[in-house]
Every structure is written in structure tokens, then in C-alpha cells.
1. From the list Val53, Val83, which residue is within 16 Å of the ligand (Cβ to nearest atom), of a type in the set (Val, Ile, Thr) and farther than 30 Å from Ile365 by Cα?
2. Just checking, which of Ala12, Ala8, Ala17 is outside any loop (DSSP other than H, G, I, E, B) and within 21 Å of the chain's Cα centre (by Cα)?
3. Identify, please: which residue in region 99-151 is part of a helix (DSSP H, G or I) and of a type in the set (D, E, K, R) and is, among those, farthest from the ligand (Cβ to nearest atom)?
4. Output the residues belonging to region 189-205 that are more than 8 Å from the ligand (Cβ to nearest atom), of a type outside the set (Gly, Ala, Ser), in contact (Cβ under 8 Å) with a residue 60 or more places away in the chain and surrounded by 24 or more Cβ atoms within 10 Å (Cβ to Cβ).
5. Show the residue pairs that are 6+ apart or on different chains and have beta-carbon atoms under 6 Å apart, the first residue being within region 73-84 and over 15 Å from Arg234 (Cα atoms) and at pLDDT 95 or above, the second being surrounded by fewer than 23 Cβ atoms within 10 Å (Cβ to Cβ) and among the small types (Gly, Ala, Ser).
6. Are there any pairs, at least 6 apart or on different chains, whose C-beta atoms fall under 6 Å, with the first in region 336-358 and without any contact (Cβ under 8 Å) to a residue 40 or more places away in the chain and the second assigned to a strand (DSSP E or B) and surrounded by fewer than 20 Cβ atoms within 10 Å (Cβ to Cβ), and if so, which?
7. In contact (Cβ under 8 Å) with a residue 12 or more places away in the chain, more than 10 Å from the ligand (Cβ to nearest atom) and not in a strand (DSSP E or B): is that true of Val178 in this structure?
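The values are calculated or read from the model by the stated rules, or taken from the named source; none is laboratory data. Since we're looking at a predicted model, the values are computed, not measured. Virtual Cβ from ideal backbone geometry, glycine too; neighbours counted across all protein chains shown.
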Amino acid sequence: MYVYADNAATTAVSKTALDAMLPYFTEEYGNASSLHTPGQRAAEALLKARETVAKAINADAREIYFTGGGSEADNQAILTGAVLGARKGKKHIISTAFEHHAVLHTLEKLEKEGYEVTLLPVHENGVVTPEDVAAAIREDTALVTIMMVNNEIGTVQPIAEIGAVCREKGVLFHTDAVQAVGHLPVDVKALNVDMLSMAGHKFHGPKGVGALYARKGVAVANVIEGGQQERGKRGGTENIPAIVGMAAALEEAVGKLDQDMAYVTGLREKLIEGLSKIPHSRLNGDREKRNPGTVNFCFEGIEGEGLLLWLDAKGVAASSGSACTSGSLDPSHVLLALGLPHEIAHGSLRLSVDAWNTEEEIDHILAAVPEVVDYLRDMSPVWDELERGVTPHLI
Ligand SMILES: *Cc1c(COP(=O)(O)O)cnc(C)c1O
């Protein structure tokens, strides 16, 4: 048995999404900007997809801008906040220390251009408080950008409350909801957000396509100069098959959201219970405030990379932190933001399951992980010192 438990990194395209996409590669290949019939059919498909995506998050079709993925939507949202703020002489941006690199690296770029960035603490439980946000807002704050669900540890942020604080203070608010859309209820009005990012491949749509929601009245900044596509905010011929596929996947996910959330939460609870039995292990992030499918554990005395390779050999696809950093030996910036020491932040395991996983697969994971942890600890000089009391246990 080989279990895919890395759905926070990416997911398979669903049959519904694939079937919706296929005609747009072959018969329906028109350019949505063309005036002839094939072109107009493509334009119609584009409009329908825009309406479907909008409906799924309680927005208006004119508030949806298609992008080339979640990272691009994050870039566009932050750039929008920066440009609009600068016009009023406001160049302060608030975010958190554990955002995705699409956000953090965009903020670093803006810092070099003279913006000032405040990164809020996420506390030991991996949750930002609305009070922290309120206290950080200044006269010159242009934008607050805080993710809805953290991609490494799965904690859910109080977005509606933070949005209410921003609204009261008249500050633009963006949320990176890439890990939330399709997995949790997302209603842009109830969440009090001005902008929100999503990515198709995190909810069984295709890769390389995403969307930015921007509330009516928010003048979105251009990311790609070109033609008049996406209301002139993103030039380039629209990727109709991908956009249609993302819309179909989202409609499907939202249609069975309640049922899937209950089922996936059950799988997650079983994982947490089983993995907590491993001695000197630690669940990272708040026990309750987490999305249905993501768990993140540290096992003292072992190193994340070895754990992942051995789990792969035992038939479990997992990840240590985010896919973007697991190729490097740096400890996770997310776990460091929780205040974990370097030794522990190195040894983390993220398992992200969803409605495609089965109970049997969870059993397989719960057999494989303790076996691999034991094996690696037996070989680990660090574990040996911990067990002999030479160094104190940290977990
Ligand atoms: C995956 C992810 C992104 C990036 O999305 P891409 O479509 O891969 O560019 C951004 N933010 C979060 C929270 C993510 O999980």
C-alpha cells in the first residue's frame, strides 16, 4: 500500500475537473478575446467559471481575477495594498512570521523599496489574535495580510475577527486562503476580507491556476502588462482549460463540504491520537483551531529528512513543513515562529489527508510512523545522549 498524505502540497485533479477541462484542449480551443464563434464560446466558458468561483465564496463574478496560481494571487494582493497605500503616503504593512513564502518574500521585496513591515507573533499555538492586530495598526498602515490556514501546521486564524478590526480602522485586509478554500467554509462577506487568494491544485483542480478575490471598489494592481484580459489587471491569453477545471473542482468540493469536513476530521483525530502515543512526540499548533486534514508532529532525536525518506520507502508520502523548503536543511520558519528550538524544528513531520484518504490508509500510516521513528532513534547519537541523560529531553 502506498498512501498519499501530502495533500497540503498538492492534490490529484478530480475526474469531474478533468472531464470539464478536456474539451477546452481540443474542440473548444478558442481565444476568449476573439470575436468569432469559437472565441465567444471560450469567453462564455470563462464567464461561467468566474461565476462558479464567485458563488463558492459568496462573491460577485466581477470581483474574481484569475491568476497563475496561489503565489501570484498573493503577490497581486500585496502589491495592490502597497500601491493603494503609497498613494495616501501609507507604507506600513502588517503580516505574521509564519506566512507562506509567496507572502514573506513579496514583503521582503517591498521592504527594500521603502515599506515598513511588522510581522506579528503567532504564539506557541500558532494562532494570531485580533488584539495583536489591533495593537499593531498605525496611522500609516496600508495593508494587513494574514493567512487563513497555515500550510505547515494547519492552524486556523480568526479571520472574521481580524477583518472586523481592520474594517473598523479603515485598513485593507488580505487573507491567503489557499489551504482553506475547498476544505473549510469560505464566505468573503462573513470573513470581512477585502482580498483573498486561492489555488486550484489544493482542492483537486489543476496546477498553475488560482484566483484573487478583490472586493468591489478595491483597485487591483497589474502584475503582468499586456492585453485587456482580467479587466486589464493581468495580460495574457486566459488558460481556459485550467480555469474551467479549477471552477469545476471548487464547485464539487463546496458541494460536499460538510460531509467531507466531518469525515476528514475523523481521520485527523485518529492520526493525532495514534501519533501522540509515540514517546517524546509533540503535536505542533493548537489542538482545536485546526483545519480538518493537517497534522504536524515533532519527534525528538530524529531529523525530518531521514524520516521522510524512510516513510516513503514504507509507503507513506509525507512532508516536513512546506514542499518549498523540504529540499533544504534549514529548519522550518513556521516552527521557529512557534518558538520551537532549532533541534526540534528540524525534526517535523506533516501529514495532510483529505476526503480521498481511507481509514485503512490511516492504519497504514499509524503502523509505519512508530516503526520508522524507533528505527531512526536506534541509530541516532542525539537520541542516545537523550536516553542516557547526557542532554535533557526537550519534549
Ligand atoms: C500552496 C500555497 C501557496 C502557493 O500556491 P501555488 O499555487 O503553489 O503558487 C500559497 N499559500 C499557501 C498557504 C499555500 O499552501
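1. On the way: Val83 fails: within 16 Å of the ligand (Cβ to nearest atom).
Selected residue: Val53, the only one of Val53, Val83 that is within 16 Å of the ligand (Cβ to nearest atom), of a type in the set (Val, Ile, Thr) and farther than 30 Å from Ile365 by Cα.
2. Details: Ala12 fails: outside any loop (DSSP other than H, G, I, E, B); Ala8 fails: outside any loop (DSSP other than H, G, I, E, B).
One residue alone meets the criteria, Ala17.
3. By that ranking, first place goes to Glu131.
4. Answer for region 189-205, where residues must be more than 8 Å from the ligand (Cβ to nearest atom), of a type outside the set (Gly, Ala, Ser), in contact (Cβ under 8 Å) with a residue 60 or more places away in the chain and surrounded by 24 or more Cβ atoms within 10 Å (Cβ to Cβ): Met195, Leu196, Met198, Phe203, His204.
5. Val83/Ala221
6. none
7. When the stated conditions are applied, Val178 does not pass them.
For (1) among the small types (Gly, Ala, Ser); (2) part of a strand (DSSP E or B); (3) within 19 Å of Asn150 (Cα to Cα); (4) in contact with a helix residue (DSSP H, G or I) (Cβ under 8 Å, 6 or more places away or on another chain), each residue gets a yes or a no:
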{"position": "Gly236", "(1), (2), (3), (4)": "yes, no, no, no"}
{"position": "Gly245", "(1), (2), (3), (4)": "yes, no, no, yes"}
{"position": "Asp260", "(1), (2), (3), (4)": "no, no, no, yes"}
{"position": "Leu271", "(1), (2), (3), (4)": "no, no, yes, yes"}
{"position": "Gly274", "(1), (2), (3), (4)": "yes, no, no, yes"}
